[in-house]
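The block underneath contains the structure these notes are about, expressed in structure tokens.
Quick note: the coordinates plus some simple rules give every number you see, no bench work behind them. The structure displayed is predicted, hence computed values, not measured ones. Cβ: placed from backbone, ideal geometry, glycine included. Neighbour counts: every protein chain shown.
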Amino acid sequence: MAAETLLNRLTLSERITAGASLLLIAVAGSVVAAGGGSVARFVTAGLALAALAALVGQAIEHVGESLGAGATGLLQSTLGNLPELFVALFALDRGLTSVVQAALVGSVLGNAVLVLGLAFVAGGARFGTQRFDPEEPRLNSSLLLLVVAALLVPTLATQLHTPAARHAGALSDVCAVALLVVYIASIPFWLRSGREADRRPQDTGALNEQSRTWTLGMSVVVLAGASLGSAVASDWFVQPLQAATKSLGLSQAFTGLVVVAIASNAVEHVVGIRFALRAKPAYAISTTLSSPLQVALFLTPILVLVSPAVGPSRLTLVFPPLLVAALGISAIVVAVIVYDGEYTWIEGVALVALYCIIATAFWWG
């Protein structure tokens, strides 16, 4: 009876997500238990991680239903990065610092460039030129430029062999704390934006899709179960990573920048495009840019500060120069595109092309 009640509260898409998560985690566990090859374990665990990331996102939406759009969005963006946090922690435990650095930048680029570009193509091709209030996108793009500066200063200090190069760890800690302060200071703005969203007319399609609400207890149980499954899948995903990428001919940089980032951010890759297809450009842009900012302003500094207690090598903000340059170029392009408060499909094509160019640059390492 309890199982039947649970199923009745799930929409079709939620049933598909839950079923896929259970199936894929079972398949990945079976492959691991059977001692499957590194590629098989890597692929099945990655698919399970992507499905669980989507389930985590759905559970968070229901947990935050009574909190309003701003608090729910903040909760979703923060806890929605749990799969990526688990992957990063397990990778740091195995000394894969370069993979973590590439994955962090890849998460930002995957949303702020690739997904935003796909959303622009979808919305622009279907509805023509789309206009939106540029205030929040401008702030988000400005914060993204701040993150570039926080990476650029320690990287340049090291590359130019300045006196600060001998204190890269301490400099990274200072930059990390500064980013966390900015993150905390920006929370009231995001909450205010959410309260304004609560007063806007709701999308009837979204209402019909989510008309069956979950109880708080059910939401918490699903969130806890999906988070636990994400932790397990992350460990399975990271264990064979080096051997699998070598067998597949992938560099660790490309794996972190593209494969890990996409697998651990599945839910954000869908939501923004769906909003664009419903002629809701403001929601599409806000949803797409909030997640990479959470990664940049919250997840990255936290990993920098806790890394000495996690793995054999410390994570600093001294990133490979090409990663910093790619992030900087992308932040500038995004800022220019959203500044005028409108977008067209050709701007989306340009963003997708930029992502492909950057990804190709890391194909060889």
Residue set Gly95, Gly123; condition touching a residue at least 12 places away in the same chain (Cβ under 8 Å), over 20 Å from the mean Cα position of the chain (by Cα) and part of a helix (DSSP H, G or I); output residue Gly123
Given (1) closer than 24 Å to Ala178 by Cβ; (2) without any contact (Cβ under 8 Å) to a residue 24 or more places away in the chain; (3) among the β-branched types (Val, Ile, Thr), Thr360 misses just (1)
Checked segment 264-316 for anything of a type in the set (D, E, K, R), surrounded by fewer than 24 Cβ atoms within 10 Å (Cβ to Cβ) and under 21 Å from Glu136 (Cβ atoms); matches are Arg274, Arg278, Lys280
Cβ pairs under 6 Å, 6+ apart or interchain, first in segment 138-152 and within 11 Å of Leu317 (Cα to Cα), second assigned to a helix (DSSP H, G or I), ordered by first then second residue, are Val147/Ala296; Val148/Leu327; Val148/Gly328; Val148/Ala331; Ala150/Cys175; Ala150/Leu179; Leu151/Val324; Leu152/Val324
Here, helices (runs of 4 or more DSSP H) confined to segment 231-301 with at least 3 residues that are touching a Pro at 6+ places or on another chain (Cβ under 9 Å) and farther than 24 Å from Phe362 by Cα are 281-294
Filtering segment 307-365 down to residues that are acidic (Asp, Glu) and touching a Lys or Arg at 6+ places or on another chain (Cβ under 8 Å) yields Glu342
In segment 246-263, anything free of Cβ contacts under 8 Å to residues at least 24 places away in the same chain and either surrounded by 21 or more Cβ atoms within 10 Å (Cβ to Cβ) or among the aromatic types (Phe, Trp, Tyr) (or both) is listed as none
